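The values are calculated or read from the model by the stated rules, or taken from the named source; none is laboratory data. Model, not experiment: these values are computed from the prediction. Cβ atoms come from the backbone with ideal geometry, glycine included; neighbour counts cover every protein chain shown. Ligands, DNA and RNA are stripped out before the accessible areas are found, and what is left, the full protein with its side chains, is counted by its heavy atoms. Shrake-Rupley method; radii C 1.70, N 1.55, O 1.52, S 1.80 Å.
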Amino acid sequence: MTLTTVLTIVGIAVWAAYAGRKLLKSVHMLQLNSYRNLRLWNWYKSNIKRTVRVLDVLPLAPLVLFAAGAQAAGTVLWIAAFLLLLLTMPKEIEKKKLVYTARVKRLLTTTAIVLVLGAGALLLWTPIGFWAMFVVALVPTGVIFLTNAINKPIENGINDWYVNDARKKIAQHASMQVIGITGSFGKTSVKHFLSTVLSQSHHVLMTPESYNTPMGVTKTIRTSLQPTHEIFISEMGAKQKGDIKEICDIVHPKYGIITAIGEQHLETFKSLENVKKTKFELAEALPADGVAFLNLDDENVADQLRKSNLRCKVVTYGSRNPDTDYFAEEIAYSRNGTSFTVRRRDGTTHAFETALLGEHNIQNLLACIAVGDTLGVPLAKLAIHLRKVKPVKHRLELKKSGQLTILDDSFNSNPVGSKAALAVLAQMPEKKILVTPGMIELGAKEYEYNYAFAEAAAKVCDYIILVGPKQTKPMQDALQAVGYTNYRVAKHLQEGLQLLQGMTTEHAVVLLENDLPDNYNE
């Protein structure tokens, strides 16, 4: 074996070590962007400085030597360049690591085949091959675009098989009641609350965690649905028109809950009107003997109801609009939680108590009361069941950490939810601290909403920690405009939490509002 051959093999090895790590990063971002090339492309455009470093052009130097015919010297310099790139590759804190699902494994296999056939078999032993390898290391996202597109027909076929199998399982449970839940916010909380309430008298299955996509719902049905289940609660998420209808075509719900509608995921929905129409795909999918439970406190739900011609029965609830079928009144908050009275349209009333905080949770519980009552659970029993309801993790969850009381609302954030969280924080007598990266996926209105959020926070909080210098620029602008100086900007959440631990030994209440996924790291 010649020296040139040995050097070439070493050069390929160090390149593979560096390019492989960058390719895995691109696959990770693809996974976080729902395996959609368009969303990955939008992420790439917004994060090009994170994906392409200035040092990434170092391999151009050996490529110049290759062009001049200095093969051995070029290969040595190539090895040195990629070793330096490997040693200086930044280490990022990952909140959620790449999950090596079957789909990811298929994608990596296709990627390996493409690289071997492309840069390998055809170009590997020529200087041109090194140019191809340089491009792959420089822009690995382009390779993932290609291999994801190649695999798409395969993935669609696999998904169709899984979905059809789930449909068959649902069809075999003709007597099971299916309840769909959707909304721009509140749907996961309502799902957990409703499952707790109905599980006291029925055998209930709900979609776990945030399994609210067609494939998440399909997986739940195929792996968890048993003949003994009497009720299936399916959370239904959406990022574009038709998403809710697609899930409804799988599970065929008889009951549907629409918790609230807001300006969320506007990057894909484009307009609030599209969000409203998409959420109402659930109500429109219900049969004539079905029931749609609608939160009339939400003006967007009320507006879309007026525009719709639903064939199913409509049951309304709220804590502000008394012209509803279930109305919460006499609401009182304390350190132990909340008490309120529910008045039905027929005039009957019943008192309820809960450990939950916030008006939005009253609305969430009203949805559960309305569904439970419709399914034949007496209000007196529902009152007992509601005492067992606990906050959902990371959704205004109350925690203790030394002298700090944590209001963990880190799952996600939106204009209405952040306002509700600040309202709860404002009720606390202790020192008030906000830790947040702000809100995302609000399209052209993202700056406006984050600016308004910061203005509202300045009136409530004694101290604010903003996470992400670029992401929180609208909030920084707002705080400076109102003359608020008690804030700091952290590079990432871990640094923000370090600032929090070091800033006070006093009793304080900390609101953690939103925690962005890794594809929003700066």
Problem - Total residues in the stretch 379-411, condition farther than 17 Å from Val190 by Cβ and among the aliphatic types (A, V, I, L, M) - result: 8
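Restricting to the stretch 64-76, what's the tally of residues that are within 26 Å of Thr141 (Cβ to Cβ) and surrounded by 18 or more Cβ atoms within 10 Å (Cβ to Cβ)? It would help to see each step written out before you state the result.
Quick first cut of the stretch 64-76, residues within 26 Å of Thr141 (Cβ to Cβ) only: 64, 66.
Checking the rest, the ones that are also surrounded by 18 or more Cβ atoms within 10 Å (Cβ to Cβ) come to 66.
Total meeting the criteria: 1.
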Practice task
Mind counting the residues in the stretch 142-166 that are acidic (Asp, Glu) and either closer than 21 Å to Gln226 by Cα or open to solvent by 70 Å² or more (accessible area, probe 1.4 Å) (or both)?
Solution key: 2
Handout entry: Candidates Thr436, Thr405 - the one that is over 21 Å from the mean Cα position of the chain (by Cα) and polar (S, T, N, Q)
Key = Thr405
Practice task
Inspect all residues belonging to the stretch 91-105 and state whether any of them is open to solvent by 70 Å² or more (accessible area, probe 1.4 Å) and of a type in the set (Ser, Thr, Tyr).
Solution key: yes
Problem - Residue count, the stretch 53-69 (criterion: part of a loop (DSSP other than H, G, I, E, B), more than 13 Å from Tyr18 (Cβ to Cβ) and hydrophobic (A, V, I, L, M, F, W, C)) - result: 1
Practice task
Out of the residues in the stretch 126-150 that are without any contact (Cβ under 8 Å) to a residue 12 or more places away in the chain and in a helix (DSSP H, G or I), state the one that is farthest from Leu58 (Cα to Cα).
Solution key: Gly142
Exercise for the section: Give just the number: which of (1) at pLDDT 85 or above; (2) not in a helix (DSSP H, G or I) does Asp477 not satisfy? Expected result: (2)
Exercise for the section: Any chance you could count how many residues in the stretch 167-200 are in contact with a strand residue (DSSP E or B) (Cβ under 8 Å, 6 or more places away or on another chain), surrounded by fewer than 22 Cβ atoms within 10 Å (Cβ to Cβ) and not in a helix (DSSP H, G or I)? Expected result: 4
Exercise for the section: For the stretch 407-460, enumerate the residues that are surrounded by 24 or more Cβ atoms within 10 Å (Cβ to Cβ), in contact with a Leu (Cβ under 6 Å, 6 or more places away or on another chain) and assigned to a loop (DSSP other than H, G, I, E, B). Expected result: Pro437
Handout entry: Residue tally, condition at pLDDT below 80 and either in contact with a Pro (Cβ under 9 Å, 6 or more places away or on another chain) or not aliphatic (A, V, I, L, M) (or both), over the stretch 497-513
Key = 6
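Please find, among Val136, Val114, Val190, the residue that is under 30 Å from Val416 (Cβ atoms) and aliphatic (A, V, I, L, M). Full working, then the answer.
On the way: Val136 fails: under 30 Å from Val416 (Cβ atoms); Val114 fails: under 30 Å from Val416 (Cβ atoms).
Exactly one of Val136, Val114, Val190 is under 30 Å from Val416 (Cβ atoms) and aliphatic (A, V, I, L, M), namely Val190.
Only residues that are open to solvent by 30 Å² or more (accessible area, probe 1.4 Å), out of contact with any helix residue (DSSP H, G or I) (no Cβ under 8 Å at 6 or more places or on another chain) and either in contact (Cβ under 8 Å) with a residue 24 or more places away in the chain or not in a loop (DSSP other than H, G, I, E, B) (or both): list them for the stretch 322-333, please.
Of the stretch 322-333, the ones open to solvent by 30 Å² or more (accessible area, probe 1.4 Å) are 322-323, 325, 329-333.
Narrowing further to those that are out of contact with any helix residue (DSSP H, G or I) (no Cβ under 8 Å at 6 or more places or on another chain): 322-323, 329-330, 332-333.
Those that are open to solvent by 30 Å² or more (accessible area, probe 1.4 Å), out of contact with any helix residue (DSSP H, G or I) (no Cβ under 8 Å at 6 or more places or on another chain) and either in contact (Cβ under 8 Å) with a residue 24 or more places away in the chain or not in a loop (DSSP other than H, G, I, E, B) (or both): Asp323, Glu329, Glu330, Ala332, Tyr333.
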Practice task
Test Val27 against the criterion of being in a helix (DSSP H, G or I) and either open to solvent by less than 40 Å² (accessible area, probe 1.4 Å) or in contact with an Asp or Glu (Cβ under 6 Å, 6 or more places away or on another chain) (or both), and give yes or no.
Solution key: yes
Completion exercise
Taking the stretch 376-397 and keeping residues buried (at least 16 other Cβ atoms within 10 Å of the Cβ) and among the hydrophobic types (A, V, I, L, M, F, W, C) leaves Val377, Leu379, Leu382, Ala383, Leu386, Val389, Val392, Leu396
Practice task
Of all residues in the stretch 479-493, count the ones that are under 9 Å from Pro469 (Cα atoms), touching a Pro at 6+ places or on another chain (Cβ under 8 Å) and surrounded by 16 or more Cβ atoms within 10 Å (Cβ to Cβ).
Solution key: 1
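Say we look at the stretch 40-54 and pick out the residues that are modelled with pLDDT of 85 or more and open to solvent by 60 Å² or more (accessible area, probe 1.4 Å); which of these is farthest from Ile440 (Cα to Cα)? Steps first, answer last, please.
Within the stretch 40-54, the first condition is being modelled with pLDDT of 85 or more, and the residues that meet it are 40-41, 44, 52-54.
Filter again for open to solvent by 60 Å² or more (accessible area, probe 1.4 Å), leaving 41, 54.
Values: Trp41: 17, Val54: 28 Å.
Filtering first and then ranking leaves Val54.
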Practice task
Considering only the stretch 468-515, state which residues are under 22 Å from the mean Cα position of the chain (by Cα) and of a type in the set (Ser, Thr, Tyr).
Solution key: Thr472
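Please count how many residues of the stretch 51-96 are β-branched (Val, Ile, Thr), more than 41 Å from the chain's Cα centre (by Cα) and farther than 17 Å from Val6 by Cβ.
Within the stretch 51-96, residues that are β-branched (Val, Ile, Thr), more than 41 Å from the chain's Cα centre (by Cα) and farther than 17 Å from Val6 by Cβ number 1.
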Fill in the blank from the handout: Pairs returned, first residue in the stretch 151-170 that is closer than 19 Å to Asn37 by Cβ, second residue that is of a type outside the set (Ser, Thr, Tyr) and open to solvent by less than 40 Å² (accessible area, probe 1.4 Å), beta-carbon separation under 6 angstrom, 6 or more apart or interchain, are Asn151/Leu107
Exercise for the section: Check off (1) touching a Pro at 6+ places or on another chain (Cβ under 7 Å); (2) open to solvent by 60 Å² or more (accessible area, probe 1.4 Å); (3) at pLDDT 85 or above for Leu356 and give me the number that stays unchecked. Expected result: (2)
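If you scan the stretch 12-38, which residues turn out to be basic (Lys, Arg), closer than 18 Å to Ala149 by Cα and touching a residue at least 24 places away in the same chain (Cβ under 8 Å)?
Here is the first cut: in the stretch 12-38, the ones basic (Lys, Arg) are 21-22, 25, 36.
From what's left, closer than 18 Å to Ala149 by Cα: 25, 36.
Listed by number, the list holds a single entry, Lys25.
Is it fair to say Ser195 is among the small types (Gly, Ala, Ser) and touching a residue at least 60 places away in the same chain (Cβ under 8 Å)?
Details: among the small types (Gly, Ala, Ser): yes; touching a residue at least 60 places away in the same chain (Cβ under 8 Å): no.
So Ser195 fails the test.
Which of the following residues is farther than 25 Å from Tyr333 by Cβ and among the aromatic types (Phe, Trp, Tyr): Tyr463, Tyr449?
Details: Tyr463 fails: farther than 25 Å from Tyr333 by Cβ.
Result of the check over Tyr463, Tyr449: Tyr449.
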